Amino acid sequence: MKILSIETSCDETAVSIVEAEGGLDSPSFKVLGNALFSQIAIHKEYGGVYPMLAKREHAKNLAPLLEKSLKDAGLLKNQQNNHTEEFWKDVENILSREEGLFPALKETFKDIDKPNIDAISVTSGPGLEPALWVGISFATALGKLWNIPVIGVNHMEGHIASVLIENIDERKVEFPALAVLISGGHTEIVKINSWGKYKVIGQTVDDAVGEAFDKVARLLGLPYPGGPEISRLAEKAREENLPHTAKLPRPMLHSNNLNFSFSGLKTAVLYYIRDHFSGSFENMNEENKSDLAREFEDAVIDVLREKTNEALKENNVKTLIVGGGVIANKKLKDVFIDFENKYSGLVVKIPTRGLATDNSLMIAVAAYINTCLYPEILTNTKKIIAKGNLGFE
Ligand code: KG4
Ligand code: ZN
């Protein structure tokens, strides 16, 4: 089946067309079209993602990205349509809260033939509420325009499903499995008993891990997103063997559960700068910053390593899946890969860069899983699964 997929939960606007087949036993996916616009440069100024700005950018980019994706997939065909004014009014109503989106959609798609698509999937949560709604409204409007069922997908299920996309890894996902999802918006350990059965067994009680990287980078006067900047400095400290004097706590390391807390670590960085550099990064040289970046990165990695190790010890799993933008961190990635050496028979699956960060391919894959598990969602064209919480406990 062909799935048109939309992701707008944070600062990536993404639209793709994926052909899926094989069922749950041997799923396979072919990417027919994949268009993505990252808003990072736009949010840089604010030092983080600004939800209302993200919403406006999504509204601006969705129609052109969809057009590109359909074109790449060879599914964009001109045809005169005879929709009534009343019909267009209904579509407009669906998009009434998304400024500029209706005119863009009508202009781009009024004389386009209904594409050969079986389902539309869209991230319906969790994420930034205003950003999510643009995608959901757009998907609903397209569903109406082309009379195609719309499937709401849980974003976290998308991150988990991302490892199924072709060519990443030949090894199968065997259950039970564990997923560690680490990004700017989430930090979760999820136990997966089978596709569609997910239980969150650990999560952050405050900031997400990527958020902590971003906030600490700000304290050091580094640009957004902070993760790559911090890891660059940390790497420099290690490679050049710079003096290592900064000391930070390892929050919740011995908390006897699988939860995380990163806000205290950020505060510890704030106090460290206050006590040693009169409260400002301007009094720090590159060496001081590199030392603190290294200690911060080590603290985060120690906690993630230990919590994942605990989760692996407690749950006898066959697969460890890691997703989210923070896995771009080389040192952290090596820590996760190393679990294959510690636990015999364990397969560690880490998506490639573009699939680990937010994208719409993973949302299509999760939608396909759901159509295999619950075929009725394809015939109920009105229903968007509320919040996409299907299967999550
Ligand atoms: O998955 P993602 O692209 O978007 C969200 O859903 O948030 O993740 C972005 C996050 C940002 O917080 C960014 O600072 C972090 O991933 N990140 C990193 C690295 N590269 C990106 N964190 C640590 N080390 C990195 N090399
Ligand atoms: Zn994400």
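Extension gain, K30-E314: 0.36 nm per intervening residue step, less the Cα-Cα distance, totals 98.6 nm. Roughly how many Å² of E85 are accessible to a 1.4 Å probe, to the nearest 10? The accessible area comes out at roughly 130 Å². The length gained by stretching the chain between S255 and K44 to full extension, at 0.36 nm per residue less their Cα-Cα distance, is 72.5 nm.
Can you compute the helix-only [θ] at 222 nm over the chain? Use -39500 (n - 2.57) per DSSP H run of at least 4 residues, normalise by all residues, nearest 500 deg cm²/dmol. Computed ellipticity for the chain at 222 nm equals -13500 deg cm²/dmol. The share of accessible area on the chain that comes from carbon and sulfur is 48 percent, using a 1.4 angstrom probe. For D207, the residues whose modelled amide H falls within less than 5 Å of its own, excluding neighbours fewer than 5 places apart on the same chain, are F262, S263. Which stretch or stretches of segment 139-167 have amide N atoms under 19 Å from the point lying 7 Å from N116's Cα along the Cα→Cβ direction? What the label zone holds, given the 19 Å backbone N cut-off, is 146-149. Under the shape rule built on the C-alpha gyration tensor, where the axes satisfy a ≥ b ≥ c, segment 1-121 is oblate, since a/c reaches at least 1.5 while a/b does not exceed b/c. The alpha carbons of the chain stretch over 72, 47, 31 Å along the principal axes, in descending order. Classify segment 168-350: rounded, prolate or oblate, from the alpha-carbon gyration tensor (a ≥ b ≥ c, eigenvalue square roots; a/c under 1.5 rounded; otherwise prolate if a/b is larger than b/c)? It comes out prolate by the Cα gyration axes. The candidates T140, T204, arranged from most to least accessible area with a 1.4 Å probe in the full protein assembly, appear as T140, T204.
The residues of the chain have, on average, 43 Å² of accessible surface per residue, using a 1.4 Å probe with all protein chains present.
Which of the three applies to segment 100-216, rounded, prolate or oblate, going by the alpha-carbon gyration tensor with a ≥ b ≥ c and a/c under 1.5 meaning rounded? Here segment 100-216 falls in the oblate category.
When you restrict to C-alpha pairs under 8 Å that are six or more residues apart and normalise by the size of segment 119-172, the relative contact order lands at 42 percent. Would you mind checking the pairs K289/K331; K55/K89; K60/K330 and listing those with alpha carbons more than 27 angstrom apart? Pairs exceeding 27 Å: K60/K330. Taken one residue at a time, the phi angles of segment 268-275 give Karplus couplings (6.51, -1.76, 1.60, θ = phi - 60°) of 4, 5, 4, 5, 4, 5, 4, 6 Hz. Gly and Pro are set to x. Accessible area per residue (1.4 Å probe, heavy atoms of protein chains only) ranks H43, H254 as H254, H43, with the largest value leading.
The values are calculated or read from the model by the stated rules, or taken from the named source; none is laboratory data. Here the structure is a predicted model, which means the values were calculated and not measured. Quick reminder, even Gly has a Cβ in these numbers, built from the backbone with ideal geometry, and neighbours come from all protein chains shown. The area values use the complete protein model at the heavy-atom level, side chains included, leaving out ligands, DNA and RNA. Shrake-Rupley method; radii C 1.70, N 1.55, O 1.52, S 1.80 Å.
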